[in-house]
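**Q** This is the structure I want to talk about, given as structure tokens.
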Amino acid sequence: MAIQQHPLPQDISSYRFRLIGDMTIKQFASLGVSIVLAIIVYSLPLPFFFKYPLSFLFIVLGVGMAFVPVQGRSLDIWILAFIRSIYSPTQYIWKRSEKISEDMALPTGPIVGTQAVSNARIELSTGATATSPQPSTNNQQPITPIVPITPASIIETNGLPQLVEHQA
């Protein structure tokens, strides 16, 4: 005996049972509860300036929750979201941004000297290097490359070592 195939409806989850006319059970319940609350408030022995506005408020809230969607959501969902947001703690979430702001970015261009060097530091060890002084100019020029120091290129004058131009 073979199993017979039957087509299934694709839109099962969005089906809403209509109770009376075009109202769903949820709409009918919210409208009914609001009308009952309005009748209870109206029958209480309150002064008229409390009785009528409260009854009207319950009726308007019930009609709003039943029939007025705001941005595709019913009013009861908005009210519950509002109450949850008030009573839940604030959570701060850090999201890494791909773009780095100008003031936080590291320089990526060539290293540019801002002031002229008057005396270069000289270290007399094997493979020591030093930079040669640069004249100060208005336009910013890159720092010159490092040149190796050999003992033959150092002369002492007045107790201070001086570099001699090296010709290559």
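**Q** Would you confirm, using the coordinates I've provided, whether Leu61 is surrounded by 15 or more Cβ atoms within 10 Å (Cβ to Cβ) and over 19 Å from Ala29 (Cβ atoms)? Give the steps one after another, and end with the answer.
**A** Details: surrounded by 15 or more Cβ atoms within 10 Å (Cβ to Cβ): yes; over 19 Å from Ala29 (Cβ atoms): no.
Taking the combined requirement at face value, the residue does not satisfy it.
**Q** Mind telling me which of the residues Trp78, Trp94 ends up being without any contact (Cβ under 8 Å) to a residue 40 or more places away in the chain, in contact with a strand residue (DSSP E or B) (Cβ under 7 Å, 6 or more places away or on another chain) and either surrounded by 12 or more Cβ atoms within 10 Å (Cβ to Cβ) or of a type outside the set (Asp, Glu) (or both)? Quick ask: steps written out before the conclusion?
**A** Numbers: Trp94 fails: in contact with a strand residue (DSSP E or B) (Cβ under 7 Å, 6 or more places away or on another chain).
So the residue among Trp78, Trp94 that is without any contact (Cβ under 8 Å) to a residue 40 or more places away in the chain, in contact with a strand residue (DSSP E or B) (Cβ under 7 Å, 6 or more places away or on another chain) and either surrounded by 12 or more Cβ atoms within 10 Å (Cβ to Cβ) or of a type outside the set (Asp, Glu) (or both) is Trp78.
**Q** Check whether at least one residue in the range 30-48 is within 41 Å of the chain's Cα centre (by Cα) and either exposed (fewer than 15 other Cβ atoms within 10 Å of the Cβ) or at pLDDT below 90 (or both), and report yes or no.
**A** Filtering the range 30-48 for residues within 41 Å of the chain's Cα centre (by Cα) gives 30-31, 34.
Filter once more, so that each one left must be either exposed (fewer than 15 other Cβ atoms within 10 Å of the Cβ) or at pLDDT below 90 (or both): none.
No: the range 30-48 contains no residue that is within 41 Å of the chain's Cα centre (by Cα) and either exposed (fewer than 15 other Cβ atoms within 10 Å of the Cβ) or at pLDDT below 90 (or both).
**Q** Could you list, ordered by first residue, the pairs with Cβ atoms under 9 Å in which the first is in the range 37-63 and more than 28 Å from Trp78 (Cα to Cα) and of a type in the set (A, V, I, L, M, F, W, C) and the second is at pLDDT below 95 and surrounded by fewer than 15 Cβ atoms within 10 Å (Cβ to Cβ), at least 6 apart or interchain?
**A** If the second residue must be at pLDDT below 95 and surrounded by fewer than 15 Cβ atoms within 10 Å (Cβ to Cβ), the pairs left are Leu44/Phe50.
**Q** Right, Ser85: polar (S, T, N, Q), within 43 Å of the chain's Cα centre (by Cα), part of a helix (DSSP H, G or I) and loosely packed, with under 15 Cβ neighbours inside 10 Å or not?
**A** Numbers: polar (S, T, N, Q): yes; within 43 Å of the chain's Cα centre (by Cα): yes; part of a helix (DSSP H, G or I): yes; loosely packed, with under 15 Cβ neighbours inside 10 Å: yes.
So Ser85 passes the test.
**Q** Also: Among the residues of the range 54-77, write down those that are assigned to a strand (DSSP E or B) and of a type in the set (A, V, I, L, M, F, W, C). Break it down into steps so the answer makes sense when it comes.
**A** Initially, the range 54-77 is screened for residues assigned to a strand (DSSP E or B), giving 69-70, 73-74.
If the condition is that a residue be assigned to a strand (DSSP E or B) and of a type in the set (A, V, I, L, M, F, W, C), then Val70 is the only one that fits.
**Q** Are there any pairs with C-beta distances below 7 angstrom linking a residue in the range 1-24 that is exposed (fewer than 10 other Cβ atoms within 10 Å of the Cβ) to a residue that is among the β-branched types (Val, Ile, Thr) and assigned to a strand (DSSP E or B), with the two at least 6 apart or on different chains, and if so which?
**A** Phe17/Thr24
The values are calculated or read from the model by the stated rules, or taken from the named source; none is laboratory data. Just so you know, these numbers come straight off a predicted model, no measurement behind them. Glycine also receives a Cβ, built like all others from the backbone with ideal geometry; neighbour counts cover every protein chain displayed.
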